[in-house]
Amino acid sequence: MGKTTLALHLASLAGACHPDAHLFVDLHDHATTLLRSGDVDGAREIYARELRLARLRRQPYAVARATDGLADCLPAADPEALRLRREAHALYEELGVPPEAW
């Protein structure tokens, strides 16, 4: 189920009880939650999908973030993780994102 579908479904369920209510749920970092809980495959799948979409939409910050996330799904010493991390950091630098925000 997609984020929009989920949001619409929850709104339809809660709308009658709370017609003027507002609720913010950050669903963007679901991959991080999966990764922290040990579901590396689930996190990798989400980051890979985010990366494909960000490249299609030409969103460099989202590309860097998803690339960094994919690197988190691999062992730190894995050559692919190191390559992904360098790629993400180069994008962050190009965008002027300070290192403490990576």
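Derivation of every value follows stated rules applied to the coordinates shown; laboratory data play no part. These numbers come from a predicted model, not from an experiment. All Cβ positions, even for glycine, are placed from backbone atoms using ideal geometry, and neighbour counts span all protein chains on display.
Observations on the structure shown:
- Ranked by how many other beta carbons lie within 10 Å on average, peptides 59-71, 38-50 from highest: 59-71, 38-50
- Extension gain, residue 40 back to residue 13 (0.36 nm per residue minus Cα-Cα distance, nm): 6.6 nm
- (i) 99; (ii) 136; (iii) 212, with the label sought being that of the calculated volume of the Cα convex hull per residue in Å³: (ii)
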